[in-house]
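Just below is one structure, and these are the notes that go with it.
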Amino acid sequence: DAKTTQPPSMDCAEGRAANLPCNHSTISGNEYVYWYRQIHSQGPQYIIHGLKNNETNEMASLIITEDRKSSTLILPHATLRDTAVYYCIVRVPTGNQFYFGTGTSLTVIP
Amino acid sequence: DAMVIQNPRYQVTQFGKPVTLSCSQTLNHNVMYWYQQKSSQAPKLLFHYYDKDFNNEADTPDNFQSRRPNTSFCFLDIRSPGLGDAAMYLCATSRESRGDEQFFGPGTRLTVL
């Protein structure tokens with residue numbers, strides 16, 4: 001079952017940073033936080049994941065609070081192509097399953 | 001390029017007529033997944049294979065079956081499709097289970113008439 005809570009929708013101006021929050025207050029110590037996004041009519045695409053430390057890659061940054069009960073995905077310079085539904089997923093590393101939450105629909109506005 | 005391929009991209013079937021959706025991968029990944037995604041909803045895991053081991057989700061209806069004849073291919077069989085089974089069906093793979101990202105195919109959109 002999904003263990004995350006996300007706002008249903010957000011807007012962001014093109015060129016600005018998009019900050020997408022996720023609540024995972026029941027997360028266990030060995031559970032990872034994953035972020036995927038799904039552009040309309042395509043399969044989900046991996047963005048980033050982390051356990052405790054903040055992570056950064058070429059697509060985004062992931063900030064996890066010290067108590068690990070929430071996290072924020074940051075797209076540093078949003079473009080129109082970043083318009084998508086963003087899913088925050090909590091996953092046990094020993095299991096194969098991903099359980100998607102309801103996601104946040106991000107709209108980047110010109 | 002290595003990828004997850006789903007055929008066909010669009011499938012139309014009739015109420016009660018069995019249908020098979022296919023997925024293939026060139027990533028040589030051990031794990032293959034099937035998800036169902038209904039309109040405006042998040043993907044829902046139906047089952048997955050770890051190598052040849054089949055793992056069914058508890059709430060997946062018996063109407064849904066899967067086969068994995070080899071590493072590269074995985075099939076989703078819907079024995080008697082109902083109108084409620086109309087959805088996007090997503091196939092995904094991962095190398096192993098621990099901490100690995102999943103690679104998704106483009107999906108097959110199933111219409112049931």
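The values are calculated or read from the model by the stated rules, or taken from the named source; none is laboratory data. If you're wondering where the values come from, they're calculated on a predicted model, not measured in any experiment. Cβ sites come from the backbone with ideal geometry, for glycine too, and all protein chains shown count toward neighbours. Just so you know, the surface numbers come from the protein's heavy atoms only, side chains and all, with ligands and any DNA or RNA stripped out. Shrake-Rupley method; radii C 1.70, N 1.55, O 1.52, S 1.80 Å.
Ellipsoid semi-axes for the range B:25-102, based on the Cα gyration tensor and the rule √(5λ), read 22, 14, 11 Å when sorted largest first.
Projected onto planes of every orientation and averaged, the convex hull of the alpha-carbon atoms in the range B:70-113 covers 4.2 nm². Extending 7 Å from Cα along the Cβ direction at A:THR72 and again at A:SER28 yields two label points whose distance is 2.9 nm. Calculated accessible area for the protein assembly as shown comes out at 50 Å² per residue, all protein chains present (probe 1.4 Å; ligands, DNA, RNA ignored). Per the Debye calculation on the range B:1-45 with a single equal scatterer at every Cα and no solvent contribution, log₁₀ I(q)/I(0) for q = 0.31 Å⁻¹ amounts to -1.18.
Over 22 Å apart: what share of the alpha carbon pairs of chain A falls there, rounded to a whole percent? The partial results should precede the final answer.
On the way: 1498 of 5995 pairs.
The calculated P(r) of chain A puts 25 percent of pairs beyond 22 Å.
The mean number of Cβ atoms from other chains found within 10 Å of a Cβ in peptide A:39-47 is 5, as a whole number. Excluding same-chain neighbours fewer than eight residues apart, the lysines reachable from B:LYS38 by a Cα-Cα span under 21 Å are A:LYS3, B:LYS17.
I'd like the GluC sites (Glu not before Pro) in the range A:26-110 restricted to DSSP loop residues with at most 14 other Cβ atoms within 10 Å, sorted by number. Before the final figure, lay out the partial values.
Numbers: sites: A:GLU31, A:GLU55, A:GLU58, A:GLU66; in loops: A:GLU31, A:GLU58, A:GLU66.
For GluC sites (Glu not before Pro) across the range A:26-110 that sit outside H, G, I, E and B with at most 14 neighbouring Cβ atoms in 10 Å, the list reads A:GLU58, A:GLU66.
Here the relative contact order of chain A, from alpha carbon pairs under 8 Å that lie six or more residues apart, stands at 39 percent.
Kindly provide log₁₀ I(q)/I(0) values, in the same order as q = 0.07, 0.11, 0.15 Å⁻¹, from the Debye equation applied to equal alpha-carbon scatterers of the protein assembly as shown. Each listed q corresponds, in turn, to -0.22, -0.55, -0.99. Annotation for the range A:4-110: trypsin sites (Lys or Arg not before Pro) lying in DSSP loop with at most 16 further Cβ atoms inside 10 Å of their Cβ are A:ARG16, A:LYS52, A:LYS69. Of interest is the spacing of the C-alpha centroids, which for the range A:1-50 and the range B:12-65 amounts to 23 Å. Springs between Cα atoms under 10 Å define the GNM used for chain B, and in it the highest mean-square fluctuation of B:SER39, B:SER22, B:SER66 occurs at B:SER39.
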